[in-house]
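Notes follow the structure.
Read-outs throughout are calculated quantities, based only on the coordinates presented, and are distinct from any laboratory measurement. Just so we're clear, the structure is a prediction, and the values are computed from it rather than from any experiment. Ideal geometry is used to build each Cβ from the backbone, glycine not excepted, and the neighbour counts take in all protein chains shown.
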Amino acid sequence: MSALSLRLPDSIHRHIKAIAQKEGVSINQFISSAVSEKISAIMTEEYLEQRANRADKEEFRKIIDQVTSRPPIAGDEL
């Protein structure tokens, strides 16, 4: 495990401290979890972008064109 010195504005530190306390975790655990969530979001976005770039739009259109048009099932209108 690595140590990281981090400078934060006092207001952000107060929010982190309050939320961590409310969640019943340490400030370190809260920050580690928040950073992990951000990393996951960025990696997911990159993965989806890579997948989208590999897509064959013409093949997609062929598949979509095979879907029959019909009214939605009751309750699915919205």
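Tabulated values for the structure
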read-out	value
Eligible aspartates and glutamates near LYS22 by straight Cα distance, threshold 20 Å, same-chain separation 8 or greater	ASP10, GLU37
Modelled FRET efficiency - R0 35 Å, ILE19 with ARG70, Cβ distances, 0.05 increments	0.15
Between 0 and 90°, nearest 10: helix 10-23 axis offset from the chain longest Cα axis	70
Matching label, Rg and Dmax of the Cα atoms in Å computed from the structure shown, candidates [x] 22.6, 59; [y] 11.7, 33; [z] 28.3, 85	[x]
Most fluctuating residue given options SER36, SER26, SER11, as computed from a GNM of the chain linking Cα atoms under 10 Å	SER11
All lysines inside 23 Å of LYS17 as judged from Cα atoms, apart from same-chain residues fewer than 8 positions distant	LYS38
